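First the structure, in the form of C-alpha cells, and then the observations on it.
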Amino acid sequence: MGNRQIDPLKLRSFIEAGTPYREIADYFHVSVGGVQQAVERLGMQKKNLRHDKFIPWQMAKEHSQSGPVTSLRILSKVAQGQQVPLVKLNSALRWAVRLHDEDLDIDYTKETGFFEKPADKAGWHIAMVLEDVNSAMTRDATFP
C-alpha cells in the first residue's frame, strides 16, 4: 500500500471514539496492520486491565454478573486509572463504603455465590479495595 502517513491527532480521535481498526484503515488507505503499528508506535493501545486482585475467586458462570462482582470490577477499573461512568462509580462506592462502615467484608463460594461476613481486620478485602481506589482517585485528581 506504499508509504502512507497516518495523522497522529486524527488517529487519536478515532481511537478515543472507539472506531474499529478496519474503518480507520479505510480512512487512511492503509492496512489494519498499519493501523495497529501506528497505535503501538504512538503508545495508544489500550491497557489490559486485570481484576484478580479485587476479584480473587474462581467464579461459577452464574455468579459472574452479580452485583458484588460488578461493583468490584468497577472499583478495580478506577484503581487502575480507567474512567468509569460517575453513576456506576457512586453505586459501587456506596456498596463498598456501607460494608466497611458496618465492619463487614465480602466473600465467595461457588455453591452460594457472594455473601457478606464480619470483617477480619488482618485480611479485610473491602478495606484493601477502598484503599486502592482512594489512592488512585487521589493520584489521578486534577485541580484547576
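Results, tabulated for the structure shown:
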read-out: Total lysine pairs under 29 Å (Cα atoms) in the chain, excluding pairs fewer than 8 apart on one chain; value: 27
read-out: Calculated P(r) tail over 16 Å for the stretch 61-140, as whole % of Cα pairs; value: 50 percent
read-out: Contour excess over end-to-end distance, with Cα ends at Val84 and Thr109 and 0.36 nm allotted per residue; value: 6.2 nm
read-out: Candidates Leu42, Leu86, Leu72, ranked by Gaussian network fluctuation over the chain, Cα under 10 Å, top entry; value: Leu42
read-out: Mean separation of Cα contacts under 8 Å, 6 or more apart, over the residue count of the stretch 44-144: relative contact order %; value: 28 percent
read-out: Inter-centroid distance (Cα atoms) of the stretch 14-69 relative to the stretch 79-134, Å; value: 25 Å
read-out: Kirkwood Rh, Cα atoms: Rg over Rh of the chain; value: 1.13
read-out: Label-to-label distance, nm, for residues given as Ala17 and Asp52 (7 Å Cα→Cβ offset); value: 3.7 nm
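Since every read-out is calculated from the coordinates, none of them should be taken as a lab result. Keep in mind that what you see is a predicted model, and the values were worked out from it rather than measured. A quick note on method: Cβ atoms are made from the backbone with ideal geometry, for glycine too, and the neighbour counts reach across all protein chains shown.
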